[in-house]
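The values are calculated or read from the model by the stated rules, or taken from the named source; none is laboratory data. The structure presented is a predicted model; accordingly, all values stated were derived computationally and were not measured. Here the Cβ positions follow ideal geometry from the backbone for every residue, glycine too, while neighbour counts run over all protein chains shown.
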């Protein structure tokens, strides 16, 4: 079992990233060979400044290390392993315009100004396919919004193998953890918690101090009704459902057990309990993060070591792909 996953290096990581992905990554380190990368090449499809990109790469690496990623996994930034870009170019000859045109994230991000969108934004899924296939990944952790991109990676792998008569790329399987909740905005229970949201009150950043965490939860959107004794009864109460989901995820409990504990109580009682829990879980991560950020050079050195390990794994696949298409005799 070889697991490959990446996260884009734009903005601070937040509670949704931690509960929805990072904590699962930490657990996966005991289940198989794991490669986790910081997608700094993907970040170039957005408007970023060079210094901001460099800083956020180190800060995100430090955050992952603080959360529990260690030497059981290979942690690196994508740009340090040229095989990603080289295989991406080869796979550009396999991927089809029609496939990319159907990508819903392309449609959403480009909006009505498709003529003004970057080529990188359009071909983003091909680089994602290369990210996965260059390591012959067997499993890829995906959320609902990334399932289509993994399907494209499987299509690219199948077509390449067929076109060139090789059995080079295995078809990666989605790895969807039932324990990974969908964490929504603290200001809008119908929108996913996001680092791109202009309101900092919509999310809890992993770097936030205790008072800020408590304040954001206290001021989070809820409703005036009491909590029921059934989690299913919150289906039409998105903000209430989100806060209960966050509590359950932080406590590593089932949401049903949470509503049973707080049934009949309002959010005046629930929010302080949630704030205390969030602080107790996140404060140790933040404290480790601050220590790591005190020595950014050491974090960079760890990324370099990870890149060496990743490059060694990627090299045979890249060479085989080059030979398959005639770039190496």
Tally, over segment 219-247, of residues that are buried (at least 16 other Cβ atoms within 10 Å of the Cβ) and more than 20 Å from residue 191 (Cβ to Cβ): 3
Any hit, segment 185-206, residues being in contact with a helix residue (DSSP H, G or I) (Cβ under 7 Å, 6 or more places away or on another chain), assigned to a loop (DSSP other than H, G, I, E, B), on the phi < 0 side of the Ramachandran plot and surrounded by fewer than 15 Cβ atoms within 10 Å (Cβ to Cβ): yes
Failed condition for residue 132, given (1) farther than 25 Å from residue 183 by Cβ; (2) modelled with pLDDT of 90 or more: (1)
Counted residues, segment 44-59 - those being under 21 Å from residue 197 (Cα atoms), in contact (Cβ under 8 Å) with a residue 24 or more places away in the chain and part of a helix (DSSP H, G or I): 4
Residue count for segment 6-18, restricted to those that are closer than 21 Å to residue 150 by Cβ and assigned to a helix (DSSP H, G or I): 2
Of all residues in segment 24-43 being in contact with a helix residue (DSSP H, G or I) (Cβ under 7 Å, 6 or more places away or on another chain) and part of a helix (DSSP H, G or I), the one that is farthest from residue 203 (Cα to Cα): 41
Subset of segment 26-42 [surrounded by fewer than 21 Cβ atoms within 10 Å (Cβ to Cβ) and touching a strand residue (DSSP E or B) at 6+ places or on another chain (Cβ under 7 Å)]: 29, 32, 33
Test: residue in segment 5-15 that is buried (at least 21 other Cβ atoms within 10 Å of the Cβ) and over 14 Å from the mean Cα position of the chain (by Cα): no
Test result for residue 241, outside the structural domain of residue 76 (by TED's automatic domain parsing), touching a strand residue (DSSP E or B) at 6+ places or on another chain (Cβ under 9 Å) and either in a helix (DSSP H, G or I) or at pLDDT 95 or above (or both): yes
Given (1) out of contact with any helix residue (DSSP H, G or I) (no Cβ under 9 Å at 6 or more places or on another chain); (2) at pLDDT 95 or above, number of the condition residue 178 does not satisfy: (2)
Residue check, residue 59 more than 30 Å from residue 293 (Cβ to Cβ) and surrounded by 14 or more Cβ atoms within 10 Å (Cβ to Cβ): no
